[in-house]
Amino acid sequence: QVQLVESGGGLVQAGGSLRLSCATSGRNFAMGWFRQAPGKEREFVTAIIWSGGNTYYADSVKGRFTISRDNAKNTVYLQMNSLKAEDTAVYYCAATLAAPSAYVPPSVRAYAYWGQGTQVTVSS
């Protein structure tokens, strides 16, 4: 059973920064972050392929968020800068088995494994 454990959420003022971490119990995964605000559907934020060479971002976070991974630690990170009130949501780490350079569509259905979520609240 694959496990994903997120950490790093919290309360921050607008313009501030947070870093989320997601530790996995396995390897060879493409990894992604999604978020879900109250009353809204879960949406794609960012993803990184297994080899770490390619990254993908939603337009709403480009230039502010950075995804990275440390395969030696089976951990993926989400650095969030210049946070806005509209970034407030529960953030979910997601994973799916994939070839090292495989592209995974930015869709909830493309990911097989999910973390429990971590709350990020940005006060304006």
Elements of type strands (runs of 3 or more DSSP E) in the stretch 1-53, at least 2 residues being open to solvent by less than 20 Å² (accessible area, probe 1.4 Å):
4-7, 18-24, 29-36, 43-48
Tally, over the stretch 112-124, of residues that are within 27 Å of residue 13 (Cα to Cα), open to solvent by less than 70 Å² (accessible area, probe 1.4 Å) and in a loop (DSSP other than H, G, I, E, B):
2
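When you go through 26, 10, 39 one by one, which is the residue that is under 15 Å from residue 115 (Cβ atoms), out of contact with any Lys or Arg (no Cβ under 8 Å at 6 or more places or on another chain) and not aliphatic (A, V, I, L, M)?
Details: 10 fails: under 15 Å from residue 115 (Cβ atoms); 39 fails: under 15 Å from residue 115 (Cβ atoms).
After ruling out the rest, the residue left standing is 26.
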What tally of residues in the stretch 64-111 results from selecting those that are open to solvent by 50 Å² or more (accessible area, probe 1.4 Å), touching a residue at least 40 places away in the same chain (Cβ under 8 Å) and part of a loop (DSSP other than H, G, I, E, B)?
10
Exclusive hit being charged (D, E, K, R) and touching a helix residue (DSSP H, G or I) at 6+ places or on another chain (Cβ under 6 Å), set 27, 42, 69, 64
42
Condition check: out of contact with any Asp or Glu (no Cβ under 6 Å at 6 or more places or on another chain), at pLDDT 95 or above and not polar (S, T, N, Q). Does residue 58 satisfy that?
yes
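Return the residues of the stretch 31-53 that are within 20 Å of residue 109 (Cβ to Cβ) and either among the β-branched types (Val, Ile, Thr) or more than 10 Å from the chain's Cα centre (by Cα) (or both); say none if nothing qualifies. Before you say what the answer is, go through the steps one by one.
Taking the stretch 31-53 as the starting set, the residues that turn out to be within 20 Å of residue 109 (Cβ to Cβ) are 31-37, 40-50.
Result: 36, 37, 40, 41, 42, 43, 45, 46, 48, 49, 50.
The values are calculated or read from the model by the stated rules, or taken from the named source; none is laboratory data. Just so it is clear, the structure is predicted and the values come from calculations on it, not from any experiment. Quick reminder, even Gly has a Cβ in these numbers, built from the backbone with ideal geometry, and neighbours come from all protein chains shown. Areas reflect the complete protein model, heavy atoms only, side chains present, ligands, DNA and RNA absent. Shrake-Rupley method; radii C 1.70, N 1.55, O 1.52, S 1.80 Å.
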